[in-house]
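Encoded as structure tokens, the structure appears first; notes follow it.
The values are calculated or read from the model by the stated rules, or taken from the named source; none is laboratory data. From a predicted model like this one, the values you see are computed outputs, not experimental measurements. All Cβ positions, glycine included, derive from the backbone under ideal geometry; neighbour counts span all protein chains shown.
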Amino acid sequence: MQPIFTMQYGEFAVADYLSKKLRSTSVFIPASAQEKGIDLLLYRYDHECNKTNTIQVKMSRTYYSEKETAEFPYYLWFNRFPIQPNANWYVLVGIYAKRPADVKNAKADSTIWDTIMLAFTNKEMAAFMAEVKQKKDPSKDDRMFGFGFDDSKMIYQTRGYINNRNMSQYLIENRIEEIQHSFI
């Protein structure tokens, strides 16, 4: 019998990134999709103690702006979701094809794919979701939230908040040390 295993790309991208960046840490993938709130498990054996971190991954396709006057070339959109109490971290993922400098003469083989990821603790994600409001009527919850970003990986919340706000501090590369030291 041949082993067959599949997983969503967003989960793979997070697992791959964390396995390369976190020292003395293993990334486990649940074999069952029945466990709500856990897509990945980080594990470390430290000072004769098993330590873990649970991760919930959410992924968005990337939307491209065709307008030259657009504020950002790339956008991510997420549906509002309930916060799971058993997820230590939430990672929001977007994969996108970088626009070549010479768009008019670009060929398929010149496409460069990249991934952008935002990492939130459970508490931060809960606070973020509580702030996801409609721009037209900030007293009402918005059913979606979104981000705009560019190739410099500066990322701003563009939907779900009264005005655009810089969310670059949540980029996973800016949180890796915190993730490294957050095991329970």
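Restricting attention to region 104-120, does a residue exist that is closer than 24 Å to residue 38 by Cβ, modelled with pLDDT under 90, surrounded by 12 or more Cβ atoms within 10 Å (Cβ to Cβ) and of a type outside the set (Asp, Glu)? Looking for residues that are closer than 24 Å to residue 38 by Cβ, modelled with pLDDT under 90, surrounded by 12 or more Cβ atoms within 10 Å (Cβ to Cβ) and of a type outside the set (Asp, Glu), one finds none in region 104-120, hence no.
Based on this model, can you work out whether residue 62 counts as more than 23 Å from the chain's Cα centre (by Cα) and among the polar types (S, T, N, Q)? Against the criterion (more than 23 Å from the chain's Cα centre (by Cα) and among the polar types (S, T, N, Q)), residue 62 does not qualify. Looking only at region 111-130, decide whether some residue is touching a residue at least 40 places away in the same chain (Cβ under 8 Å) and part of a loop (DSSP other than H, G, I, E, B). Checking region 111-130: not a single residue is touching a residue at least 40 places away in the same chain (Cβ under 8 Å) and part of a loop (DSSP other than H, G, I, E, B).
Yes/no matrix, rows are residues, columns are (1) within 18 Å of residue 62 (Cα to Cα); (2) over 13 Å from the mean Cα position of the chain (by Cα):
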site	(1), (2)
117	yes, no
120	no, no
123	no, yes
127	no, yes
130	no, yes
135	no, yes
139	no, yes
155	yes, no
161	no, yes
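Residues in region 161-184 that are hydrophobic (A, V, I, L, M, F, W, C) and part of a loop (DSSP other than H, G, I, E, B) were compared, and the one that is surrounded by the most Cβ atoms within 10 Å (Cβ to Cβ) is 167. In the set (1) in contact (Cβ under 8 Å) with a residue 12 or more places away in the chain; (2) under 24 Å from residue 64 (Cα atoms); (3) not β-branched (Val, Ile, Thr), residue 88 fails one condition alone, (2).
Scanning region 49-79 for residues that are aliphatic (A, V, I, L, M) and either more than 23 Å from residue 178 (Cβ to Cβ) or part of a loop (DSSP other than H, G, I, E, B) (or both) returns a single hit, 70. Quick one: which of 15, 97 is modelled with pLDDT of 90 or more, touching a strand residue (DSSP E or B) at 6+ places or on another chain (Cβ under 8 Å) and of a type outside the set (Phe, Trp, Tyr)? Unique residue meeting the criteria: 15.
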